[in-house]
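First the structure, in the form of structure tokens, and then the observations on it.
The values are calculated or read from the model by the stated rules, or taken from the named source; none is laboratory data. Everything numeric here is computed off the predicted structure, so don't read it as measured data. Methodologically, a virtual Cβ is constructed for each residue, glycine included, from the backbone with ideal geometry; neighbour enumeration extends over all protein chains shown. Keep in mind that these areas ignore ligands, DNA and RNA; they rest on the heavy atoms of the full protein, side chains included. Shrake-Rupley method; radii C 1.70, N 1.55, O 1.52, S 1.80 Å.
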Amino acid sequence: MRYLHSSRLRRTGLLVTGLLLIAGQSSALPTRDELLPLTNSHASDLVAQGSPGVPLAPTVPATNPVTPNEPQAGEDLEEVTVTATRSPRRLFDVPTATTVITNSQAKERSQTSLAELFKGETGVYVRATNPSADSPVIRGVTGRDVLLLVDGFRLSHAFMRPNVQYEGMVDPYFLEQAEIVRGPGSMLYGSDALGGVTNIVTPSYRADAPTFQLYTQYNSNPAAISNHLRLNAGGEKAGATVGLTYRSFGDATLGNDPNPQVFFPNPGKQVARSGFEYYSANAKVGGELASDQFFTITAQYSQIPNVARQDGIIQGFGPSVAQSERGFAPQSRTFLLAEYRHTFTNTIIDDLRLKVGYQQVQDNRYQRNFNAPRPAFPGYGTGIASANASLENISSDLYGAIAELRSTWGNQKLTYGVEAYFDRVSNARNISNNRTGITADPNGPRYVDGSTLNQYGFFLQDEIIWSEQFTSTLGLRYSFVDINIPFSSVRPGSSGFGRNFEALTASAGLLYRLNRDLNLVFNIGQGFRAPNINDLGNAGERRATDINLPNNNLNAETVFSIDGGFKWSGSNFTGELFAFLSEYPNRISSVSLGTVTNSDGSVSEVFQSQNKERESIWGIEFGSRYRFDPQWSIFATANFVYGSVITGDTLIPPFNGAVGVRYQSSVGTYVEPFIRYASLQNRLTDINLTDPRLNPLGTPGFVILNLRAGIPVTPASTLRVNVDNVLNTTYREHGSSLDGAGTSVSIGLDQTF
């Protein structure tokens, strides 16, 4: 679908120009000496991902960064981002559009998975396939087009799909901060970073932190209990932090007057089989080998034993209920990361970092279809379930190595290095029959067992301070991706093939200081995504009722993006305003090839991934906070994304954001009523119209009233109360499988000892 809107772009340009003209010059510019310490400091680079025992540069806060959302005794500490440049930089001092969510903010928020923490943030939307499977949408794209990292190591793997749940495998309680870089990140991080990058920075041992931290929370809807225990122990030279988490969620209850057809065969407002359990264990050990050498070893394991995939077992906006059973059992993630850091003096190299990591993602699935007739609203028949159930074991074993160096020459800071990742996919599919037992599926697995995706990259970034007013960040990267899908004797039509993809990606970020509190920024960059195993070799089930044919002739996706705007950082007002335009000349999208009639009489649509026509996505992102009193502030975010040309699976989020007011006393008591809102989104592609998760008339807009509050009970404990969806409103996040839960009250207690 094509939509011409040059007049809107012109209006956006006039708006940005007008803001520039009215920007005041009331504050003196910082001097060159004030700008250089953070850029040139060896120590400042070593705080990335929280190295133990390493001093911070004077310009970088040693405690958790605190945003204007989170004043502590009237003092604001500046946010720091690692992901935007691969080195710690004040958020205000990088041209890149970056969102940071700190540990203290995360503690205040309700969530069933990590990505839910992003809701209402500047430039981010969140959709979900089931309650444990939230996927961030950044600049109009999600899933495989947004690179996911943990401590700078890839979470994204070889069979990432258009909508993914894998960030839900990261413990939301074992978090130092979450960073979201909006815009292409391929120059620094390689393939998949088309719309942006999210990086979850995990906590390290800190000598000033309490030995034990306990957080427990009860939630009313869904009925849930969450417990997290943290141990922080060590000495002068080394230390460790260990976190254990257990969570249990019951079935969610919807808000007022939900559409009974959409949730059929649920007889009421409670969504059966929407609950799940979550387990997680995390540990990070680090220390000082010598005065200039440091190490960190991280280990993580998480598991969701069983969770239903709701878009298959409810009718949604489709003609009937597709499956009697469908879900994941289990999903798990194992992660190991070792890092060595060495600082140098009187050499051309400031410091060296070496990382070696391993990640295994288990994505096991089950599915039982209905034999005819399938149940459909308004009937309340149970249908006849098939005697056969499909059981899939899918896993990714990802190994990675990163060498990263930094050099400082005068007013320039060079960051350069190499990366290599090796990913192997294992896949087996069996048929479980109620009478005959378990046998191999004669159609073979979804992916050919033993498929591999290997990536190599060389990058160079140069940060230059030209003057007190002007800085630039320039970068270049070469990426090479090697994919091999072997012959499979158990998969009909499998011949095996190999593909190579390479790309040269560049970026430039410019920052001009209008005054001490206001920066004008501009970015231009490229993104690159090689087709992965899911794109090239996925055969069989797609969505709840459709079939996918593999395509080994795909080309890589690319994006060319420009953005620009303002960043404010004053004593009473902080904020940002960005406008962006992303051009995708060769988007990979699902294309319908027609329909087939299955043996049970049902009809399935057949799809194949193909490089389609150009997509053009533009938008405006705004976020701000104004403190009009030492204890009172107001905040607002607003995100507008528009797809000029949208095709295939692309799902453009509606206009959305949050508005609220916050009271925080000097002793730490806070009260924060706020609303999250979204407008109607009825601009859908042809494939969106066949998706049972999407209302073909469009997803209605909503306004949801919420409340956050906390009070220190003792110096070592804080009681937190959250009320979500106060008015019990029925609503749905665009692209999600379920309506949002009705009114929910959560009570949590933070305890240190």
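Data for the structure
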{"item": "Selected residue (only one of 470, 459, 480 is surrounded by fewer than 16 Cβ atoms within 10 Å (Cβ to Cβ), of a type in the set (Phe, Trp, Tyr) and within 30 Å of residue 559 (Cα to Cα))", "result": "470"}
{"item": "Top-ranked residue of the stretch 653-666 - restricted to ones that are open to solvent by 30 Å² or more (accessible area, probe 1.4 Å) and either farther than 19 Å from residue 140 by Cα or among the β-branched types (Val, Ile, Thr) (or both), ranked as modelled with the lowest pLDDT", "result": "666"}
{"item": "Residue match in the stretch 429-438 (condition: open to solvent by less than 10 Å² (accessible area, probe 1.4 Å) and either part of a strand (DSSP E or B) or touching a Leu at 6+ places or on another chain (Cβ under 6 Å) (or both))", "result": "no"}
{"item": "Options 220, 248, 226: the member that is in contact with a Lys or Arg (Cβ under 9 Å, 6 or more places away or on another chain) and of a type in the set (Gly, Ala, Ser)", "result": "226"}
{"item": "Residue within the stretch 614-622 that is assigned to a strand (DSSP E or B) and among the acidic types (Asp, Glu) present", "result": "yes"}
{"item": "Residues (open to solvent by less than 20 Å² (accessible area, probe 1.4 Å) and either among the polar types (S, T, N, Q) or closer than 24 Å to residue 168 by Cα (or both)) located in the stretch 236-248", "result": "241, 243, 245, 247"}
{"item": "Any hit, the stretch 504-526, residues being modelled with pLDDT of 95 or more, touching a strand residue (DSSP E or B) at 6+ places or on another chain (Cβ under 8 Å), over 18 Å from residue 96 (Cα atoms) and not hydroxyl-bearing (Ser, Thr, Tyr)", "result": "yes"}
{"item": "Residue ID - nearest to residue 181 (Cα to Cα), chosen from residues in the stretch 568-615 that are among the hydroxyl-bearing types (Ser, Thr, Tyr), surrounded by fewer than 19 Cβ atoms within 10 Å (Cβ to Cβ) and touching a strand residue (DSSP E or B) at 6+ places or on another chain (Cβ under 7 Å)", "result": "592"}
{"item": "When residues of the stretch 279-306 are limited to those that are of a type in the set (S, T, N, Q) and under 28 Å from residue 219 (Cβ atoms), the one most open to solvent (accessible area, probe 1.4 Å)", "result": "306"}
{"item": "Single condition residue 561 does not satisfy, out of (1) closer than 30 Å to residue 100 by Cα; (2) part of a strand (DSSP E or B); (3) open to solvent by 20 Å² or more (accessible area, probe 1.4 Å); (4) among the hydroxyl-bearing types (Ser, Thr, Tyr)", "result": "(3)"}
{"item": "Pair list, Cβ under 7 Å, 6 or more apart: the stretch 71-88 residue on the phi > 0 side of the Ramachandran plot, other residue open to solvent by 70 Å² or more (accessible area, probe 1.4 Å) and modelled with pLDDT of 50 or more", "result": "73/666; 74/630; 74/666"}
{"item": "Residue within the stretch 393-409 that is part of a strand (DSSP E or B), under 30 Å from residue 470 (Cα atoms) and open to solvent by 60 Å² or more (accessible area, probe 1.4 Å) present", "result": "yes"}
{"item": "Meets criteria (part of a strand (DSSP E or B), touching a Phe, Trp or Tyr at 6+ places or on another chain (Cβ under 8 Å), free of Cβ contacts under 8 Å to residues at least 40 places away in the same chain and among the β-branched types (Val, Ile, Thr)) for residue 641", "result": "no"}
{"item": "Test for residue 498: is it open to solvent by less than 10 Å² (accessible area, probe 1.4 Å) and either in contact (Cβ under 8 Å) with a residue 40 or more places away in the chain or on the phi < 0 side of the Ramachandran plot (or both)", "result": "no"}
{"item": "Selected residue [in contact with a strand residue (DSSP E or B) (Cβ under 7 Å, 6 or more places away or on another chain) and crowded, with 19+ Cβ neighbours inside 10 Å] from 353, 374", "result": "353"}
{"item": "Enumerated strands (runs of 3 or more DSSP E) restricted to the stretch 443-544, each holding at least 2 residues that are more than 29 Å from residue 576 (Cβ to Cβ)", "result": "451-465, 470-485, 497-515, 540-542"}
{"item": "Qualifying positions in the stretch 320-339 - of a type in the set (S, T, N, Q), crowded, with 24+ Cβ neighbours inside 10 Å and closer than 18 Å to residue 382 by Cβ", "result": "323"}
{"item": "Matching entry among 178, 224, 193, 240 (being closer than 30 Å to residue 360 by Cβ and either without any contact (Cβ under 8 Å) to a residue 60 or more places away in the chain or of a type in the set (S, T, N, Q) (or both))", "result": "240"}
{"item": "Number of the condition not met by residue 183 [criteria: (1) open to solvent by less than 40 Å² (accessible area, probe 1.4 Å); (2) at pLDDT below 95]", "result": "(2)"}
{"item": "Selected residue (only one of 650, 718, 729 is open to solvent by 20 Å² or more (accessible area, probe 1.4 Å) and part of a loop (DSSP other than H, G, I, E, B))", "result": "729"}
{"item": "Residue 693 within 25 Å of residue 140 (Cα to Cα) and part of a strand (DSSP E or B)", "result": "no"}
{"item": "Subset of the stretch 653-668 [part of a loop (DSSP other than H, G, I, E, B) and more than 26 Å from the chain's Cα centre (by Cα)]", "result": "665, 666, 667, 668"}
{"item": "Residue satisfying all of: in the stretch 732-753; over 23 Å from the mean Cα position of the chain (by Cα) and within 30 Å of residue 137 (Cα to Cα); most open to solvent (accessible area, probe 1.4 Å) among these", "result": "747"}
{"item": "Single match in 317, 276, 263 (criterion: out of contact with any helix residue (DSSP H, G or I) (no Cβ under 7 Å at 6 or more places or on another chain), among the aromatic types (Phe, Trp, Tyr), at pLDDT 95 or above and surrounded by 15 or more Cβ atoms within 10 Å (Cβ to Cβ))", "result": "276"}
{"item": "Failed item in (1) surrounded by fewer than 19 Cβ atoms within 10 Å (Cβ to Cβ); (2) at pLDDT below 95; (3) farther than 30 Å from residue 533 by Cβ, with residue 383 passing the rest", "result": "(1)"}
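Yes/no per residue for (1) at pLDDT 95 or above; (2) among the hydrophobic types (A, V, I, L, M, F, W, C):
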position	(1), (2)
79	no, no
90	no, no
97	yes, yes
125	yes, no
128	no, yes
146	yes, yes
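Condition check ((1) among the basic types (Lys, Arg); (2) farther than 30 Å from residue 384 by Cβ) across all residues:
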position	(1), (2)
566	no, yes
575	no, yes
585	no, yes
591	no, yes
594	no, no
604	no, no
612	yes, yes
621	no, yes
625	yes, yes
